[in-house]
1. Under the condition of being among the small types (G, A, S) and under 29 Å from K182 (Cβ atoms), which residue from the stretch 2-24 is surrounded by the fewest Cβ atoms within 10 Å (Cβ to Cβ)?
2. For the stretch 234-262, which positions are crowded, with 21+ Cβ neighbours inside 10 Å, farther than 19 Å from A323 by Cα and in contact with a strand residue (DSSP E or B) (Cβ under 6 Å, 6 or more places away or on another chain)?
3. Go through the stretch 107-142 residue by residue and tally those that are open to solvent by 60 Å² or more (accessible area, probe 1.4 Å) and either closer than 19 Å to E53 by Cα or aromatic (F, W, Y) (or both).
4. Would you pick out the residues in the stretch 310-339 that are small (G, A, S) and either more than 30 Å from R259 (Cβ to Cβ) or surrounded by fewer than 15 Cβ atoms within 10 Å (Cβ to Cβ) (or both)?
5. On the basis of being open to solvent by 20 Å² or more (accessible area, probe 1.4 Å), in contact with a Pro (Cβ under 8 Å, 6 or more places away or on another chain), of a type in the set (D, E, K, R) and within 28 Å of N7 (Cβ to Cβ), does K80 make the cut?
6. List every residue pair whose Cβ atoms lie under 6 Å apart, where the two residues are 6 or more positions apart in sequence or sit on different chains, the first residue falls within the stretch 375-390 and is over 21 Å from G440 (Cβ atoms), and the second residue, located anywhere, is open to solvent by 50 Å² or more (accessible area, probe 1.4 Å).
7. What do you reckon, is E313 within 18 Å of the chain's Cα centre (by Cα) and among the charged types (D, E, K, R)?
8. Mind telling me which of the residues K158, K145, K186 ends up being in contact with a Leu (Cβ under 7 Å, 6 or more places away or on another chain), surrounded by 12 or more Cβ atoms within 10 Å (Cβ to Cβ), basic (K, R) and in contact (Cβ under 8 Å) with a residue 40 or more places away in the chain?
Amino acid sequence: TPSLEINDYSSPFTHEKEKATAGYYYVNLQKHNIDVELTATTRTGYHQYTFNESGQANLILDLNHRDKLLDGEIRIIDSKTIEIYRKSAAWASQQHVFSRIEFSKPLKITKTKANKENTSTLLSGTQVAIALSTDVKKGEKLLIKVSISPVSYEGAAKNLATEGQSNDFNQMRLQAFNTWNKELSKIEVKSNDKDKLSIFYTALYHVFLQPNIYFDVDGKYRGRDQKIHQSNGDYYTVFSFWDTFRGAHPLMTLIDRKRTADFINTFIKQYEQGGRIPVWELSANETECMIGYHGVSVIADAMMKGIKGFDYEKAYEAAKNSAMQDIFGLDAYKKNLLITIDDEHESVAKTVEYAYDDWCIAQMAKLLGKKEDYQYFMKRSQAWKNTFNPKNKFFQPRKNGSWLEPFDPLEVNSHYTEANAWHYSFFVPQNINELIQMHGGKKKFENFIDALFNAPNKTTGIQQVDITGLIGQYAHGNEPSHHMAYLYNYVGKPE
């Protein structure tokens, strides 16, 4: 009898017998010499297991395997079909996944676990697992198709009926390869250095991993109000804007205009159904992770580039709404054009990021002929100056109107977001020229960038694992540094 304990059913593996390419994954499970192959369509995963020894093959489905299971179900449809539901909590406080699973041959139930209901057709609760078994010959393959839906069992069944028609794993693997190849061919680069090509196309592959399609083949999706809605266009999830507004979304406006419009139509729906455009949205949950309201940057970029396919007025209304809230220090910011450490944590970062977002809203207002809004948001976009200490040229926290002392620009602390003063003192993407003037001209600003790269390559204060790839205080592996090296262009020193 198979075991439902993770230590029993897990298997060691070696990277020598593992392979990953776009749209395909392979690994050999050493314990019983089973070859695993995985590929996918948009909403359906294809698994192929090759059993290299004859005997009883066991398949374990454990709903407690990933994050905290709030509610789970396994429904037995017939000997070749089961359905599952998972409601779980992790980054998203409630994530709903429905799934329909089909096996290429009949399996018999050999063990079950369920702490709520446990019958021949239904297992449910917060501890749910099942073992399914069949006899296999040496070299026999078992094909499994797994569709997912955020909406319902019915949605999962429709998704499988549409995307799970093939019984040829290699055909689906080739289809996934071709789908990825088409995406990655949007940019063609040439080089004799294979490593450089691999790095470039791996990075492009990563850009296309998120946001994710979040609607069923019939157009139904789970909205930010947790209700089910009908969409007439593509609806997405996973908007981690603090990570993506700087580079990934601007790239999308150049190489994927249709998706850019689809993203913005998703923002509008989330505003209508959840009260705000996403900040860091995941599986119909607003996680409130990171800061700012950087969806407005994506909308402004699309409008400036004349991307069609969304309602500019509605998108503007949704963007402006984000700036007029009283949350996360915005109330103080609106009154004083500054957030102090008495108002809110991460006060410097929030002040300067709100200022940038407000500049984006101002550009939309100008395009749409909203003169008063334009002037109002342009005034707000100057707020970064209130964090600029003219003595040391750093963006410094303020307390009771004066500069917070003692001050160490290397220190990672609660006044910045995942960063220190070095990382935030260059964040005026909306007006680099004025920042240069406040430093006293191009030569002095050039010296300040040089000082960034020549500073000690260590941070003090909070240990922050995201700050990686330090060259001086330039953190190549973290978002606030992404634009810094290019600032040399603004002082006429690209070299």
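The values are calculated or read from the model by the stated rules, or taken from the named source; none is laboratory data. Every value quoted in this text rests on a predicted model; they were computed, and no experiment measured them. Cβ coordinates were reconstructed from backbone atoms using ideal geometry, including for glycine residues, and neighbour counts include every protein chain displayed. Surface areas here come from the heavy atoms of the whole protein model, side chains and all, with no ligands, DNA or RNA. Shrake-Rupley method; radii C 1.70, N 1.55, O 1.52, S 1.80 Å.
1. A20
2. Hits for the stretch 234-262 are Y235, T237.
3. So the answer is 4.
4. G329, A332
5. In short, no.
6. Cβ pairs passing all conditions: S381/W359.
7. Criteria not met by E313.
8. Step by step, each of K158, K145, K186 is checked, and only K145 is in contact with a Leu (Cβ under 7 Å, 6 or more places away or on another chain), surrounded by 12 or more Cβ atoms within 10 Å (Cβ to Cβ), basic (K, R) and in contact (Cβ under 8 Å) with a residue 40 or more places away in the chain.
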